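The values are calculated or read from the model by the stated rules, or taken from the named source; none is laboratory data. All of these numbers come straight from a predicted model, not from anything done at the bench. Please note: Cβ atoms are built from the backbone with ideal geometry, for glycine as well, and neighbour counts cover all protein chains shown.
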Amino acid sequence: YPNPFNPSTTIEYQLQSNGRVKIQVFDTLGKEVAALVNDYQQKGKHSIIFDANNLSSGIYYVRMQSRNFSETKKINVMK
């Protein structure tokens, strides 16, 4: 939140169990533009600030992967 955002946004997530978490940001062509998390984390609530100052305005996709879970959400950067 917020979405759309400028220049940064907070991504919040909750893990049901301990494990490796990977959060990446992709452009509309599928190119990775940021790797936000790639680490083992404890279960519970977490948040990360995504700074998009180096990106142009447009639509991007945030993908979170953990164990048997994968979700992709659309975000909108407006400058």
Test for residue 54: is it in a strand (DSSP E or B), of a type in the set (S, T, N, Q) and either more than 9 Å from the chain's Cα centre (by Cα) or modelled with pLDDT of 95 or more (or both): no
Qualifying positions in segment 56-79 - closer than 26 Å to residue 20 by Cβ and hydrophobic (A, V, I, L, M, F, W, C): 62, 64, 69, 75
All positions within segment 16-51 that are touching a residue at least 40 places away in the same chain (Cβ under 8 Å), surrounded by 14 or more Cβ atoms within 10 Å (Cβ to Cβ) and over 14 Å from the mean Cα position of the chain (by Cα): 19
Residues (over 15 Å from residue 75 (Cβ atoms), part of a strand (DSSP E or B) and small (Gly, Ala, Ser)) located in segment 1-46: 19, 35, 44
